[in-house]
Amino acid sequence: RKRIAVLTSGGDSPGMNAAVRAVVRYGIYRDCEVYAVHEGYAGLISDNMKKMSWDDVRGWLSFGGTLIGTARCLEFRDREWRKVGCYNMIKNGIDALIVCGGDGSLTGADFLRNDWPSLVADLKAEGKITAEQAEHHGHLYISGLVGSIDNDMAMTDSTIGAFSSLDRICTNVNWIQATADSHSRAFVIEVMGRHCGWLALMAAISTRADYVFLPELPPKSSSWTEDMNKVVLRHRKAGSRRIIVIVAEGAIDDDLNPIKPEAVKESLDKIGFDTRVTTLGHVQRGGTAVAADRLLATMQGAEAVEAILDATPDTPSPMIGIRENKLVRVSLLEAVKETKAVAAAIERKDFEGARALRDSEFKE
Ligand code: ADP
């Protein structure tokens, strides 16, 4: 009988509660015991974990954020603190961990899994755990769920929270469009996404924005203002009272200079627009999850439990993804590596390479 711990870590995303609920209920259905770890990895270190019953997650589908808390936990990068986490898990009889978070959180889980046998050996040598405990807890089985509003993880088509965030952005842009239309104004709207322009691009398409700036498709530093001005003037001439420009948080030009909403406004003001800037900020984290995220989280939560039950000590750490509408288990390490490769390609100005990496996810 497996005892599985589940935690949420990194930035919160809508659907995390649905994921935890699915892990708890599907785990119980599959004859496991499930513990919720509160406050991300910090809860492993402070022994903040609680056994969950079927009823404990009642109603969780419709709550936003994450009810078991999340935190950035710097200590967890340090082996000694991971050892404290390992000790607390063994004390509670836990032999598997399901983490819902971004690439940092999933990397942390894989680190813990790799260290686990040596941490257990240390704890046994220090007399903190018995030989039987050491033997029973020889391996840690993990599986990763991707909770992220940015849809920035490689090897999966969508992450838990991305469609909720996109929906909130579209709603907010619609509201801004109403006032922009009324006053014939231009609005520059900044949306989240540091290395990943998915939210910005999908929001631009879904709201018929006039122009969009993305990290993976940087415009020329020498001419982006003129290029943009030409397009928005054409749209105005064609009858558009409102002008909407969406800027991803991580938007840059091809010399890697950030493109800030204020600079976009300045350019638009110069050609005669009455321009306002709106930074959507944390409303994009979304509150309650849209149905698509609830479904994704529910199916993937169950699959994460199955992946734990299937695992052997040699199974590479799995990340649960979705490709072409089918749940998939992919290598967590490979997915993290490919995700980081996109950011690295952008940083060395290999924008075509960055886009090719994004595209390859869909071509395989
Ligand atoms: P995200 O999961 O959204 O990418 P972070 O990168 O902030 O967010 O990671 C969340 C948490 O995961 C960190 O606060 C830390 O506790 C843990 N973590 C991240 N990277 C590592 C790592 N290399 N080793 C161990 N733990 C890590």
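Read the figures in this text as sums done on the coordinates, not as results from a lab. The shown structure was predicted, so the numbers you read here are calculated from the model rather than taken from an experiment. A quick note on method: Cβ atoms are made from the backbone with ideal geometry, for glycine too, and the neighbour counts reach across all protein chains shown.
Just name one of VAL120, VAL84, ASN48: the one whose Cα is farthest towards the positive end of the charge dipole of the chain (beta-carbon charges, Lys/Arg +1, Asp/Glu -1).
Ranked along the dipole, the leading option is ASN48.
Along Cα→Cβ, 7 Å out, is where each label goes; now give me the distance between the ones at SER222 and ASN325 in nm to one decimal.
Reported label-point gap for SER222 and ASN325 is 4.8 nm.
So what's the back-of-envelope 222 nm ellipticity for the chain, counting only DSSP H runs of four-plus at -39500 (n - 2.57) apiece and dividing by all residues, rounded to 500?
-14500 deg cm²/dmol
Using Cα springs under 10 Å in a Gaussian network model of the chain, which residue among ILE129, ILE160, ILE189 shows the largest mean-square fluctuation?
The residue with the greatest mean-square fluctuation here is ILE129.
From the phi of every residue in the stretch 284-299, what ³J(HN,Hα) in whole Hz does the Karplus formula 6.51 cos²θ - 1.76 cosθ + 1.60 yield, where θ is phi - 60° and glycine or proline is x?
5, 5, x, x, 5, 7, 6, 4, 4, 6, 5, 5, 4, 5, 5, 5
Note down the nm distance, to one decimal, between modelled labels 7 Å out along Cα→Cβ at HIS183 and at ASN257.
About 2.8 nm separates the two model spin labels.
Check PHE187: other-chain or 5+ apart residues with amide H under 5 Å from its amide H, H built from backbone geometry?
Answer set, sorted by chain and number: ILE243, ILE244, VAL245, ARG276.
As a test, work out the antiparallel percent of DSSP beta bridges whose residues both lie in the chain, rounded to the nearest 5.
Values: 10 of 42 bridges.
So the antiparallel bridges in the chain amount to around 25 percent.
Enumerate by residue number the GluC sites (Glu not before Pro) in the stretch 86-137 meeting two conditions: DSSP loop (anything except H, G, I, E, B), and at most 13 other Cβ atoms within 10 Å of the site's Cβ.
Those satisfying the criteria are GLU126.
So which trypsin sites (Lys or Arg not before Pro) in the stretch 187-285 pass both tests, a DSSP loop state and at most 16 other Cβ atoms within 10 Å of the Cβ?
Counting only loop positions with at most 16 other Cβ atoms within 10 Å, the trypsin sites (Lys or Arg not before Pro) in the stretch 187-285 are ARG194, ARG208, LYS220, ARG241.
May I ask for the distance between the Cα centers of the stretch 279-322 and the stretch 324-364, given as a whole number of Å?
18 Å
With +1 on the Cβ of every Lys and Arg and -1 on the Cβ of every Asp and Glu, and nothing else charged, how large is the dipole of the chain about its Cα centre, in debye rounded to the nearest 20?
900 debye
State the answer as a single residue: which of LEU333, LEU140, GLY101 lies farthest towards the positive end of the charge dipole of the chain, with beta carbon charges of +1 for Lys and Arg and -1 for Asp and Glu, about the Cα centre.
Going by the charge dipole, the pick is GLY101.
Trypsin sites (Lys or Arg not before Pro) within the stretch 12-83: which are DSSP loop residues with at most 11 other Cβ atoms inside 10 Å? Could you put the intermediate results ahead of the total?
On the way: sites: ARG21, ARG25, ARG30, LYS50, LYS51, ARG58, ARG72, ARG77, ARG79, ARG82, LYS83; in loops: ARG30, ARG58, ARG72.
Those satisfying the criteria are ARG58.
How long is the gain from ARG348 to GLU266 if the chain were fully straight, where each residue apart is worth 0.36 nm and the alpha carbon distance is subtracted?
In short, 26.7 nm is gained.
By per-residue mean of other Cβ atoms within 10 Å, what is the highest-first order of 41-47, 176-182? Walk me through the intermediate numbers first.
Numbers: 41-47: 22.4, 176-182: 14.9.
Order by mean packing, descending: 41-47, 176-182.
Would you give the gap between the C-alpha center of the stretch 41-69 and the C-alpha center of the stretch 157-192, rounded to a whole Å?
After rounding, the separation between the Cα centres reads 31 Å.
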